Amino acid sequence: MGEKDTAAKHYFANDAFFADAFNFFLFSGKKVIKPEELSPMDSTEAARIFGEKSSTSVQRHRDLLKLWGARENEDAVFMLLGLELQSTVHYGMTARNMLYDALSYATQISDIKRLRKRQKSKNAENTGNNDNSGNNDDAELTCENGVVTIRMTDSAEFLSGMKKDDKLKPVITLVLNLSGKPWDGPVELHEILNVKNRELLQYINNYRLNIFSPAEIEDDDFKKFSTACGFALKVVKHQNDAGLADVIKKQKSTDTETADFISAFIKHKKIFQEKDTNEVNMMNGLDLWGQKLQVLAVIKAFKNIGQTDEYIVDYVVANYQVTPDYVMKLIQEWHDSIQLQEQSKAPNPSIPAGS
């Protein structure tokens, strides 16, 4: 997991920011999901497929998974909310997320089966202590020579381990696109299937991604967020363009968690200056960031006309309030960027036939 994905996972583990993101996507910013209604869940999805004696174990790790316990009228309603964080487009995300959701449902079925077994074992023990026989709503129990036999009254319930009226918690998985660009990958399973006969698609179950791309949000709509999450995602949107400076200037300060998160999406890692409170001031750091961009522009201009590193260092130190070491560090950054560009343009070596 890259720096941006790691920073995002830590940031959205906070229930307030997690709820804010889902409220924006699902309810246009209305505060339907409340942070106090969220409970962290084990993000490891594991299930045994095709039975218990002869089966295959499958395990996958989600980025974040939380249980939302809401109320509808007088009844509590529970739902699983998953958040997948992508700093780059994943072109197989439809199949990957489909597996996550399927495992969530399979895990719930396994949990119900285990609960039913515990209930029946307890009933069997109680029946064995009461004349060694008895019945209940779920199974017929008998005991002979100290051996308890359980026979399910419904073969369908026996095979599935569930009752007819058992229900599963619905699962909503949201993919947060942190690239700063619109999602250009498939959003439906049908898009990645090789199907020549298009008439068959109506019989092939589809799966659709819930893609949340800050790059596709209008700047004014970030006001619909109720926490600093809106500012953070606005930075994500403008991370690669000149509009980032204006976004930061308008915000001026933010909480430390948000500052830590957005520092992964800007080029100057020390853009923030901490206050005594739980906030950081961004203006002084923004000036330093702007100065860095100016110095890099000078370095690029001089390098393009063939000037030496020594000449550039002397010029920049004389005209900007920086040290020679600082200038040399930026020159090295420039060299590294040029090297990466050249490597990306280099043709792939040909592979001899038969190798």
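The values are calculated or read from the model by the stated rules, or taken from the named source; none is laboratory data. Note that this is a predicted model, so its numbers are computed, not measured. Using ideal geometry, Cβ is built from the backbone for each residue, glycine included, and neighbour counts are taken over all protein chains shown. Just so you know, the surface numbers come from the protein's heavy atoms only, side chains and all, with ligands and any DNA or RNA stripped out. Shrake-Rupley method; radii C 1.70, N 1.55, O 1.52, S 1.80 Å.
A few comments on the model shown:
- Which of Phe27, Phe78 is most accessible, then next, and so on - probe 1.4 Å: Phe78, Phe27
- Area accessible to solvent at Val32, 1.4 Å probe radius, in Å²: 60 Å²
- The label-point distance for Lys303 and Lys117, in a model that sets each label 7 Å from Cα toward Cβ, rounds to 6.3 nm.
- Accessible surface of Glu199 - all protein chains present, 1.4 Å probe, nearest 10 Å²: 140 Å²
- Residue pairs, from the table Lys66/Lys237; Lys30/Lys234; Lys9/Lys252; Lys9/Lys237; Lys117/Lys164; Lys237/Lys300, whose Cα atoms sit over 21 Å apart: Lys66/Lys237; Lys9/Lys252; Lys237/Lys300
- In plain terms, the chain from Thr256 to Asn126 could stretch by 41.1 nm, reckoned as 0.36 nm per residue minus the Cα-Cα distance.
- Remark: region 101-118, residue by residue, has Karplus-estimated 3J(HN,Hα) of 5, 4, 5, 4, 5, 4, 5, 4, 5, 4, 5, 5, 4, 5, 5, 4, 5, 5 Hz, where x stands for each Gly or Pro and the curve is 6.51 cos²θ - 1.76 cosθ + 1.60 at θ = phi - 60°.
- With a simple spin-label model that places each label point 7 Å from the Cα along the Cα-to-Cβ direction, the separation between Met79 and Met41 comes to 1.2 nm.
- Of the residues Tyr100, Tyr91, ranked by 1.4 Å probe accessible area with the largest first, the sequence reads Tyr91, Tyr100.
- Listed peptides 207-220, 10-23 appear in the order 10-23, 207-220 once ranked by packing, highest mean of other Cβ atoms within 10 Å at the front.
- For region 161-237: rounded, prolate or oblate by the Cα gyration tensor [a/c cutoff 1.5]: oblate
- Using the Karplus relation 6.51 cos²θ - 1.76 cosθ + 1.60 with θ = phi - 60°, the per-residue 3J(HN,Hα) values for region 324-329 come to x, 4, 4, 5, 4, 5 Hz, with x marking Gly and Pro.
- Annotation: peptides 108-115, 60-67, ranked by per-residue average of other Cβ atoms within 10 Å with the highest first, follow the order 60-67, 108-115.
- Using R0 = 30 Å, the C-beta based FRET efficiency linking Lys31 and Leu168 works out to 0.65.
- Distance between the 7 Å Cα→Cβ label points at Ile204 and Leu340: 3.7 nm.
- Annotation: amide H of Glu84 within the under-5 Å range of Leu174, Val175, Leu176, sequence separation 5 or more or interchain, hydrogens built in the peptide plane.
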